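Working notes, structure below.
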Amino acid sequence: MGTMLTMVAITATLATPAAAQAERVRACLSPQETRESVVAYQLHEPLTLLRDAARETRAEPLNSRLCRWNEQFVYEMSLLRRDGRVLRVFVDAASGNKLPARETSGQGR
């Protein structure tokens with residue numbers, strides 16, 4: 001019984017940092033922080049990448065914001081298609097490469 005309680009305690013201790021880290025996965029930056037990060041980390045300009053995404057998807061650009069996904073800077077972009085559907089596009093801010101869709105779950109807003 002004592003061994004089982006020890007195992008449960010160890011498991012809970014190991015799981016807690018992972019759960020806490022999962023909560024800190026995404027943090028979006030303010031416009032001022034975005035401008036500073038673009039310069040400091042030599043990231044692609046958001047307007048250029050937003051226009052490229054709009055051209056590629058044949059949609060109208062709505063907005064873009066810079067977020068940190070763990071240690072990666074990602075532009076989260078919204079585009080409006082002609083059928084009224086809003087597209088969410090994610091682009092690596094350092095490389096300019098398109099990323100797979102991600103769950104944003106409202107964090108960092």
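The values are calculated or read from the model by the stated rules, or taken from the named source; none is laboratory data. Nothing here was measured: the structure is a model prediction, and the numbers come from that model. Every residue, glycine as well, gets a Cβ built from its backbone with ideal geometry; the counts of neighbours run over all protein chains shown.
Are there any pairs, at least 6 apart or on different chains, whose C-beta atoms fall under 7 Å, with the first in segment 20-41 and over 15 Å from residue 75 (Cβ atoms) and the second modelled with pLDDT under 95 and of a type in the set (A, V, I, L, M), and if so, which? Here the result reads none, with nothing in segment 20-41 linked to a residue that is modelled with pLDDT under 95 and of a type in the set (A, V, I, L, M).
Of the listed requirements (1) hydrophobic (A, V, I, L, M, F, W, C); (2) at pLDDT 95 or above; (3) assigned to a helix (DSSP H, G or I); (4) within 18 Å of the chain's Cα centre (by Cα), residue 27 misses just one: (3).
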